[in-house]
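Right, one structure below, let's go through it.
What follows draws every value from the coordinates through simple rules; no lab data is involved. Because the structure is a prediction, the values reported are computed rather than measured. Cβ sites come from the backbone with ideal geometry, for glycine too, and all protein chains shown count toward neighbours.
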Amino acid sequence: MLKICKKCGEELDKSMFNKKLTNKDNLRCECKNCQKKYRQENKERFAQYSKEYRETNREYIRGKDRDRIHILTDTEKEYQKEYQKEYRKEKEHKEIAKEYNKKWNEENREERTRYMKAYRIPYKVEHIIAMKKWKESKLNEK
Ligand SMILES: [Zn+2]
């Protein structure tokens, strides 16, 4: 089964195309080679946008961090502090931190679930969406 890549114009096997379910044939218009090339060519640009995003939205991100700290319980705050303290140290301390993390998770299952729900997930999703929008708007500028 062959398909012509819209970018390089080559006729390639359909396995050379990534999936895109919104397209009629469920495949992307450009082949994997072209996608790879595009990613490589824009790697620096993307890195630059990520940096710009962080800089421009520093206050916003910091605000988010503050919000997060407010919703943490004392045990959670204590846990974060200890974990980060160990994690910042030398390499072997990362193992200690990991052990600590594991132990904490086991001993505080319920709190952990709440913590993940209240803290990590909404922040991550929100952050990723904002970052994507930012990158897209940057790409469209060119
Ligand atoms: Zn191609």
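Scanning the stretch 1-14 for residues that are farther than 11 Å from Arg28 by Cβ and more than 8 Å from the ligand (Cβ to nearest atom) turns up Met1, Leu2, Ile4, Glu11, Asp13. Reported count of residues in the stretch 21-48, each being under 18 Å from Cys8 (Cα atoms) and either more than 21 Å from the chain's Cα centre (by Cα) or in a loop (DSSP other than H, G, I, E, B) (or both), is 9. In the stretch 15-42, which residues are more than 11 Å from the ligand (Cβ to nearest atom) and touching a residue at least 24 places away in the same chain (Cβ under 8 Å)? Answer for the stretch 15-42, where residues must be more than 11 Å from the ligand (Cβ to nearest atom) and touching a residue at least 24 places away in the same chain (Cβ under 8 Å): just Leu27.
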